[in-house]
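Let me begin by presenting the structure, written as structure tokens, before commenting on it.
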Amino acid sequence: MTLARPLDETAAIAASPSPAAASATPPHVVVVGAGFAGLEVAQGLREAPVRLTIIDRHNYNLFQPLLYQVATAALSPADVAVPIRSLMRHRNAHVMLDEVVGVDRAARSVSTAAGKRIGYDYLVLAIGSLYDYFGHDDWATLAPAPKTIDDALAIRRRVLLAFEKADAAADEAERDALLTFVLVGAGATGVEMAGALAELARATLARDFRRIDPASARILLVEAGPRVLASFPEKLGAYALRTLQALGVEVATATRIESIDEEGVIAGGKRIAARTVIWCAGVKAGPAAAWLDIEPARHGKVSVEADLTLPGHPEIFVLGDAAAVKGSGGKDLPGLAAVAQQEGRYAARVIAARASGKSERAAFSYRDKGTLATIGRSAAVADLPHAKLTGTVAWLFWGLVHIFFLIGFRNRAAVLLNWLWAWLTYGRGARLITGEEREIGRASPDHTAVNR
Ligand SMILES: Cc1cc2nc3c(=O)[nH]c(=O)nc-3n(C[C@H](O)[C@H](O)[C@H](O)COP(=O)(O)OP(=O)(O)OC[C@H]3O[C@@H](n4cnc5c(N)ncnc54)[C@H](O)[C@@H]3O)c2cc1C
């Protein structure tokens, strides 16, 4: 399809509930972020009478639920990510590798880090979230968080290097500090990361070293709240705690991290010497509220109408982790992939309908199909609408669901094969130390973007 207007020309169509009726030119839909929500929007509009521009600052769509497995050497980056261009081959779609830095609501355009201004008739902001260091942004370099592939690889590098340095250390105290790993936050990411790290140390690396005993590594999971997996029912949290303890993970609940430095952390008033600290605590929305020049809702999110649009702006949709959307109980929907995907599908239907001059659809409503978390080999929890599962059954279910939701046959096959191999041999094939040693977090724009 030849575009009737250059993409970087500010849209000429004035705000209108039905742009298609106002112009013969198909409306231009700009989707910022090709994550869970953005991808669903783009896929849902593949046959729609629209011109589509998808902008992402990475050239890949990332399956974040398995990122901790990249950080702990179980999977390779290409197993959990897919090039966006390979998913956007439909004729009405244009992909841009660029970072959006602002929105001009009046001019209906977005501006990018590369200095472009891109006009839109419909704008979809699906930029996800950032880790929240609760006012201590300087901790990002000391305690990296798994958010992007670069972050996961940097964590992997830090973890594997700690064992190498411990092997070479002459001083016992230094060796102990190198073999101490502190994870901050016992939500699903912290629990999954702690379990995977324990298995890496106790099962895989234990066979690789002679001078040190990797199995003696101290893995400490620190949580400010009263229990692990706070968003799951208590029974499932208790199961996760028992399983972590059986793996040798020390769990300290009701313990606040007071400071982090190069030597370790102060937690609950006690100093812990640890050369590796990993941040798995809360998240906050990306900077959409600042771009739109509105007061943010909780966790920096954008409050939206029942059709997921910005109040007073039926042409601007905010989706996924960036949006505050009320669920049936009146509480904000959680930051989950399924929420983002369902919102993306809904927004695509609304935009397609409006672009065809049809009437609005019903309000968005989320269908909760449950949440899952794995703790380790043959151990997981599943909080389903009609059942609470633990153990091997939950773990098999977790595995099936994740394979199903991965994008692309290659990734599904690669992950399945890696898991099968790991299950049979305790092997983790991605134990590669790559890249320069760098201050993790600083190199990743995800940690700093909100302050721009
Ligand atoms: C480690 C980890 C584990 C998780 N595990 C689970 C799980 O097990 N189950 C579950 O349901 N959920 C899980 N989640 C949460 C889930 O990944 C998110 O809820 C989901 O990704 C939100 O989708 P989204 O589309 O809003 O954002 P994302 O999927 O994060 O996509 C945002 C996209 O926007 C792009 N972007 C951001 N800013 C800009 C910009 N300025 N310009 C251009 N592009 C930009 C990013 O590159 C990214 O591609 C996990 C999250 C993490 C970090």
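Here, each number is a calculation from the coordinates, and none is a lab measurement. These numbers were taken from a predicted model, which means no experiment stands behind them. Positions of Cβ are generated from backbone atoms using ideal geometry, with glycine treated the same way; all protein chains shown enter the neighbour counts.
Taking other C-beta atoms within 10 Å as the exposure proxy, 98, 213 rank 213, 98 from fewest upward. A helix-only calculation puts the chain at -9000 deg cm²/dmol for mean residue ellipticity at 222 nm, using -39500 (n - 2.57) for each DSSP H run of at least four residues, averaged over all residues. Residues whose amide H falls under 5 Å from that of residue 61, counting only those 5 or more places apart or on a different chain, are 82, 84, with hydrogens built in the peptide plane. Principal-axis analysis of the Cα atoms of the chain puts helix 234-246 at an angle of about 40° to the longest axis.
Within the shell defined by Cβ-Cβ distances under 9 Å, the residues around residue 204 carry a net charge of +2, with Lys and Arg each +1 and Asp and Glu each -1. Between the Cα long axis of helix 188-199 and the first principal axis of the chain there is an angle of about 40°, rounded to the nearest 10.
By the count of other C-beta atoms within 10 Å, a proxy for reagent exposure, 112, 25, 189 are ordered fewest to most as 25, 112, 189. Scalar couplings 3J(HN,Hα) for region 336-352, obtained by applying the Karplus form with A = 6.51, B = -1.76, C = 1.60 to θ = phi - 60°, are 10, 4, 5, 4, 4, 5, 5, 5, x, 5, 5, 4, 4, 5, 5, 5, 4 Hz; x denotes Gly and Pro. Summarising the amide proton neighbourhood of residue 324: residues at separation of 5 or more, or on other chains, whose placed amide H is nearer than 5 Å comprise 302, 303, 304. Taking every pair of alpha-carbon atoms in region 231-328, give the share separated by more than 21 Å as a whole percent. Of all Cα-Cα distances in region 231-328, 58 percent exceed 21 Å. For the chain, the relative contact order comes to 21 percent (Cα pairs under 8 Å, sequence separation of at least 6). In this entry, the chain is assigned a mean projected area of 21.2 nm², taken as a quarter of its C-alpha convex hull surface.
Counted by Cβ distance under 14 Å from residue 407, the other residues give a net charge of +2, where Lys and Arg count +1 and Asp and Glu count -1. In units of the compact-protein estimate 2.2 N^0.38 Å, region 114-203 shows a Cα radius of gyration of 1.51.
Taking amide H positions as modeled 1.01 Å from N, with prolines and chain starts lacking one, the residues under 5 Å from residue 308 and 5 or more places away or on another chain are 364.
For region 377-422, the alpha carbon convex hull comes to 60 Å³ per residue, rounded to a whole number.
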